[in-house]
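Visitor: Just dropping this structure here.
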Amino acid sequence: MAKKVIGVVGSYRKGRVIDSAVSEVLKKAEAAGAETAKVYLIDKHIEFCTNCRSCTQQKDPYPRATCIHSDDLEPLLQEIDAADGLVLGSPVNFGNVTAVTRRMLERLLVYVYWPWGAKMPKLRIKKRTKKAVIVTASACPAWLARIIMRAPLRALKAMANCLGANVVASLYFGTVAQAADHKLGAKCLAKAHKAGEKLAS
């Protein structure tokens with residue numbers, strides 16, 4: 001049975017660096033036999049988390065509890081829960097992931113059990129069976145961005161962990177703001193393709 005891999009694009013601009021990178025990872029995974037799909041968060045209606053913690057009080061639901069909001073996130077999470085691999089991508093905006101990516105991240109509290117009185121939250125998914133590739137990009141050189149702007153990768157890794165996935169590759173593309181229509185170079189494409197192979201293996 002073919003593995004299912006879902007790409008989640010948290011960029012505001014379709015067809016640009018992050019979208020292209022996610023597509024390249026998915027393309028290679030598909031070439032290796034996986035079934036793939038891509039979702040744009042800007043096309044989804046996702047409400048803000050109100051931090052009511054209603055979902056965290058629900059003890060038994062697995063892999064996640066029910067949110068008070070009824071929007072596009074529920075069917076997206078159903079797809080993700082049924083997938084074997086994930087590609088999570090967001091560009092760097094003001095030193096972190098985009099607001100639309102953050103909106104989804106905060107709503108992943110449904111994967112956490114944290115009853116009132118407990119000092120620490122606990123992830124509902126104990127054993128991570130999925131694989132994830134996380135992708136980000138900034139105007140800063142990649143080697144420097146990994147040092148001074150670690151927040152985007154931390155946020156994307158937190159998303160992967162909540163969703164029950166281990167990160168098998170983290171792609172940080174740098175100096176992508178030199179032109180309005182910046183394209184990924186051969187080395188970047190090679191990294192994306194290698195990551196796609198890891199997802200499908």
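Visitor: Residue check: is Ser11 closer than 30 Å to Leu189 by Cα and out of contact with any Lys or Arg (no Cβ under 9 Å at 6 or more places or on another chain)?
Guide: Working: closer than 30 Å to Leu189 by Cα: yes; out of contact with any Lys or Arg (no Cβ under 9 Å at 6 or more places or on another chain): yes.
Considered against the rule, which asks whether it is closer than 30 Å to Leu189 by Cα and out of contact with any Lys or Arg (no Cβ under 9 Å at 6 or more places or on another chain), Ser11 comes out as yes.
Visitor: Among Ala99, Ala158, which is small (Gly, Ala, Ser), under 17 Å from the mean Cα position of the chain (by Cα) and over 23 Å from Gly196 (Cβ atoms)? Spell out the reasoning first.
Guide: Working: Ala158 fails: over 23 Å from Gly196 (Cβ atoms).
That would be Ala99, the only listed residue that is small (Gly, Ala, Ser), under 17 Å from the mean Cα position of the chain (by Cα) and over 23 Å from Gly196 (Cβ atoms).
Visitor: Just give me the residues in region 44-78 being loosely packed, with under 14 Cβ neighbours inside 10 Å and in contact (Cβ under 8 Å) with a residue 60 or more places away in the chain, in sequence order.
Guide: Within region 44-78, Pro61, Tyr62 meet the criteria.
Visitor: Same structure, new question: Would you point out the residue of region 33-74, among those that are of a type in the set (Gly, Ala, Ser) and within 25 Å of Lys127 (Cα to Cα), that is nearest to the chain's Cα centre (by Cα)?
Guide: Step one: list which residues in region 33-74 are of a type in the set (Gly, Ala, Ser), which gives 33-34, 37, 54, 65, 70.
Next cut, within 25 Å of Lys127 (Cα to Cα) only: 33-34, 37, 54, 65.
Values: Gly33: 21, Ala34: 18, Ala37: 13, Ser54: 24, Ala65: 19 Å.
The residue in question is Ala37.
Visitor: Mind checking whether some residue in region 35-54 is touching a strand residue (DSSP E or B) at 6+ places or on another chain (Cβ under 8 Å), farther than 21 Å from Thr136 by Cα and either of a type in the set (Asp, Glu) or in a loop (DSSP other than H, G, I, E, B) (or both)?
Guide: Yes, the conditions are met somewhere in region 35-54.
Each reported figure results from applying straightforward, stated rules to the coordinates on display, with no laboratory input. Here the structure is a predicted model, which means the values were calculated and not measured. Cβ: placed from backbone, ideal geometry, glycine included. Neighbour counts: every protein chain shown.
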